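Asks: My questions will all concern the structure given below.
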């Protein structure tokens, strides 16, 4: 397994009219786990909350899209920036996900344990959705494209 500390890992967080206290938790729980956070702000006119965190979080870059481009466009803007800066791994997030302390490390360990990892495009964990009464959410594994 690679030395995880030598990897260049970026997080792309997309926000749209974010709630300050929730976005703060998202950014705090990611900031110590990744090299850089790119916050793609889909809020029309730009979010004051996003601007505030740019001053507070040293490894945060805010890209104001100034309109709701949709999550996929915003993610692609962030991914393009991350790849342009040499990111080896990209974590995609919304504005209201709070991450456990070793989340990124554990996800990378899972990735590096895969025998055919060079064929893997993404990995996702099981998670608990607090908006659904704490119900554990599953995921799908595709073995082949078709």
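Asks: Quick one: in the range 105-119, which of the residues that are under 24 Å from residue 22 (Cα atoms) and out of contact with any helix residue (DSSP H, G or I) (no Cβ under 8 Å at 6 or more places or on another chain) is surrounded by the most Cβ atoms within 10 Å (Cβ to Cβ)?
Replies: Looking at the filtered set, the residue picked out is 107.
Asks: Being buried (at least 21 other Cβ atoms within 10 Å of the Cβ) and not in a strand (DSSP E or B) is the filter here, so list the residues in the range 9-22 that pass it.
Replies: Residue satisfying the conditions is 18 alone.
For every residue, the table says whether it meets (1) in contact with a helix residue (DSSP H, G or I) (Cβ under 7 Å, 6 or more places away or on another chain); (2) surrounded by 14 or more Cβ atoms within 10 Å (Cβ to Cβ); (3) at pLDDT below 95.
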position: 50; (1), (2), (3): no, yes, yes
position: 53; (1), (2), (3): yes, yes, yes
position: 74; (1), (2), (3): no, yes, no
position: 90; (1), (2), (3): yes, yes, no
position: 99; (1), (2), (3): yes, yes, yes
position: 121; (1), (2), (3): no, no, yes
position: 133; (1), (2), (3): no, no, yes
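Asks: Right, here's the next one. Any residue at all in the range 23-34 that's modelled with pLDDT of 95 or more and assigned to a loop (DSSP other than H, G, I, E, B)?
Replies: Looking for residues that are modelled with pLDDT of 95 or more and assigned to a loop (DSSP other than H, G, I, E, B), one finds at least one in the range 23-34, hence yes.
Asks: Across the range 1-31, what is the number of residues that are under 27 Å from residue 106 (Cβ atoms) and free of Cβ contacts under 8 Å to residues at least 60 places away in the same chain?
Replies: The qualifying residues number 8.
Asks: Moving to a separate point now. Can you confirm whether residue 51 is out of contact with any strand residue (DSSP E or B) (no Cβ under 6 Å at 6 or more places or on another chain) and part of a helix (DSSP H, G or I)?
Replies: For residue 51, the condition - out of contact with any strand residue (DSSP E or B) (no Cβ under 6 Å at 6 or more places or on another chain) and part of a helix (DSSP H, G or I) - is met.
Asks: Another question, if that's okay. Which numbered condition trips up residue 84, out of (1) surrounded by 13 or more Cβ atoms within 10 Å (Cβ to Cβ); (2) farther than 21 Å from residue 27 by Cα; (3) at pLDDT 95 or above?
Replies: Answer for residue 84: the failing condition is (1).
Asks: Ok, one more. Assess whether residue 44 counts as being modelled with pLDDT of 90 or more, under 24 Å from residue 126 (Cα atoms) and either in a loop (DSSP other than H, G, I, E, B) or under 14 Å from the mean Cα position of the chain (by Cα) (or both).
Replies: No: the conditions fail for residue 44.
The values are calculated or read from the model by the stated rules, or taken from the named source; none is laboratory data. Please read these numbers as outputs of a predicted model, since none were measured by experiment. Using ideal geometry, Cβ is built from the backbone for each residue, glycine included, and neighbour counts are taken over all protein chains shown.
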